[in-house]
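The structure appears right after this line, and notes come after that.
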Amino acid sequence: MSLAPDLTRQTEPCSTPEPGRFYAYPTEAGPCAGHKVPTAETFTDAAIGFLECWGPQDGVAADEVSVTIVDCETGEEQCFRIALASGAARPC
């Protein structure tokens, strides 16, 4: 019997105790790197809000980032490419 943690097992992102309807994460990093965005009312709000709070650090060499959003009420997912300079968002 091993007492080592099962690193392959992932928890359901929307089951986190954080408040909020939308769960957002960097697409390339996967759901474990995400957070609920408590003030978001739409998918786009969640993508922009996620970047404002947990986006790339200064000095990151990227013009755009991909953010995946999960609606915790319906299970629907949407992905956005967001231009860091302008904040413009488009579907992935």
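None of the figures in this text is laboratory data; all of them are computed from the coordinates on show. As the structure is a prediction and not an experimental result, all values here were calculated from the model. All Cβ positions, glycine included, derive from the backbone under ideal geometry; neighbour counts span all protein chains shown.
Taking the beta-carbon count within 10 Å as an exposure proxy, list Val70, Val65 from fewest neighbours to most.
By the 10 Å Cβ count, ascending: Val65, Val70.
What's the local net charge at Ile69, with K and R +1, D and E -1, over the other residues with C-beta under 11 Å away?
Combined, the nearby Lys, Arg, Asp and Glu give -2.
Full extension from Leu84 to Ser66: what is 0.36 nm times the residue separation minus their Cα-Cα distance, to one decimal in nm?
5.4 nm
Provide the per-residue ³J(HN,Hα) series for segment 73-87, in order, calculated from phi with Karplus coefficients 6.51, -1.76, 1.60 and θ = phi - 60°, each as a whole number of Hz, with x at glycine and proline positions.
8, 10, x, 5, 10, 9, 10, 10, 9, 10, 6, 5, 5, 10, x
Asp45: net charge of surrounding residues, Cβ under 14 Å, Lys/Arg +1, Asp/Glu -1, itself excluded?
-1
Please list 3J(HN,Hα) in residue order for segment 23-37, calculated via the Karplus relation 6.51 cos²θ - 1.76 cosθ + 1.60 where θ = phi - 60°; whole Hz, with x for glycine and proline.
Result, ordered by residue: 10, 10, 8, x, 3, 5, 8, x, x, 5, 9, x, 8, 6, 10 Hz.
Under a point spin-label approximation (7 Å from Cα along Cα-to-Cβ), what is the Asp45-Glu12 distance to one decimal in nm?
Spacing of the two 7 Å Cα→Cβ label points: 2.4 nm.
Where does each of Thr16, Thr68 land when they are ranked from fewest to most other beta-carbon atoms within 10 angstrom?
Thr16, Thr68
Given the Cα atoms of segment 17-91, and with Rh set as the inverse mean 1/r over their pairs in the Kirkwood sense, what is Rg to Rh to two decimals?
0.94
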